[in-house]
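A short write-up of the structure that comes next.
Read-outs: derived from the displayed coordinates by stated rules, not from any lab. Small disclaimer: the values here were computed from a predicted structure and weren't measured. Methodologically, a virtual Cβ is constructed for each residue, glycine included, from the backbone with ideal geometry; neighbour enumeration extends over all protein chains shown.
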Amino acid sequence: MHSHILFGLDDGAKDELMSLEMARAYRELGFEKVVATSHIMEKSGYATTVSDIEEKVRSLNERIGGEGIGLEVMVGAEYYLDREFGAVAESNWPLCRINNSMFVMVEIPSLFAPAYLGLSFFNTRVKNPELKKLLPFLRLVLAHPERNEDVIKRPEATIKRLKEQGVYIQMNLGSLVGYYGRAVRKASEKMLKYKMVDLIATDAHSQDQLRTIVPDGLQRLRRLAGEKAVRVLLNVNPAKVLAGEPLEPFY
């Protein structure tokens, strides 16, 4: 549901060979579909467009098929919300939705959980008529909020507020094994305990991350939340996102 497998677009895969190695690593781990969520972050120079992503996905799938790897890469993106969603969506129109569904992945600043996260269906500042029509149907997937300082300090209260704004919560497997530090690990454990997670993903930027983090992360997830959580958070709910369907709880 969250991968930087496309090369040459952000801080993920460096070249096509690395993308193919990541594809092999995903397949070795049992994955059959991966959503390519390249950063769209104007201030960092990642001014990627939908057509850029679609062309890279098409080309990479052709190479993966030719190599007989047996993995399908799906279209997606990771939008950085340094202001409210409507403004970011307008400046990056047309939107890159996950598998062309109504789900859009976003990330927020690491130091605070902004009040502007939720979608305003009647946002008078949105001028694009197509975006105005789309807003009531969009659903936001919030990437790795456990890495946010407000969530680290107050996991239950902050995630509750974020979910009340209508977003779905996507946690990283690496968070559960301390890849981003002890504080993030503790926050992720509490989010599972409070049953506030909707999706779990790798957020992998390299094949090495996949091979070192994912096995331990899956083991940790099973220990903390059980086998059903693994199935729902990494299989059932991602499939529902791809199909544009409502998600289900993992408990």
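The distance separating the Cα centre of region 42-100 from that of region 1-37 comes to 13 Å.
Counting only Cα atoms, the size of region 1-136 along its three principal axes is 50, 32, 25 Å, in decreasing order.
Result for the chain in a Gaussian network model with C-alpha springs under 10 Å: among 155, 145, 129, the largest mean-square fluctuation is at 129. Put in order of Cβ neighbour count within 10 Å, fewest first, the listed residues 158, 49 become 49, 158. Measuring against 18 Å, Cα to Cα, the residue pairs 56/240; 56/133; 160/193; 33/240 contain 56/240; 56/133 as the ones spanning a longer distance. Given R0 = 41 Å, the distance between the Cβ atoms of residue 91 and residue 182 translates into a calculated FRET efficiency of 0.65. The convex hull defined by the C-alpha atoms of region 47-123 has an orientation-averaged projected area of 6.3 nm². Short-range pairs are left out: with C-alpha atoms under 8 Å and at least six residues apart, the relative contact order of region 60-173 is 24 percent. Considering only alpha-carbon pairs that sit under 8 angstrom and 6 or more positions apart, the relative contact order computed for the chain is 18 percent. The convex hull drawn around the Cα atoms of the chain, when projected onto a plane and averaged over every direction, covers 12.2 nm².
As a proxy for reagent exposure, ranking 46, 26, 79 by other Cβ atoms within 10 Å from fewest up yields 46, 79, 26. A simple spin-label model places pseudo-atoms 7 Å from Cα toward Cβ; at residue 72 and residue 99 they are separated by 0.8 nm. Can you give the percent of C-alpha pairs in region 88-233 whose distance is more than 22 Å? Tail of the P(r) past 22 Å holds 43 percent of the pairs.
Kindly state, to the nearest 0.05, the FRET efficiency for residue 112 paired with residue 15, given R0 = 35 Å and r defined as their beta-carbon distance. If you can, show how the numbers build up before the last one.
Working: r = 36 Å, r/R0 = 1.02.
Approximately 0.45, to the nearest 0.05.
Net length available on complete extension from residue 32 to residue 124 is 29.0 nm, with 0.36 nm assigned per residue and the Cα-Cα distance removed. Dipole magnitude for the chain: computed about the Cα centre from +1 point charges on Lys and Arg Cβ and -1 point charges on Asp and Glu Cβ, it is near 1080 debye. Footprinting exposure proxy ranking of 251, 179, fewest other C-beta atoms within 10 angstrom first, gives 251, 179.
Extending 7 Å from the Cα toward the beta-carbon at both residue 133 and residue 59 defines two label points whose distance is 3.2 nm.
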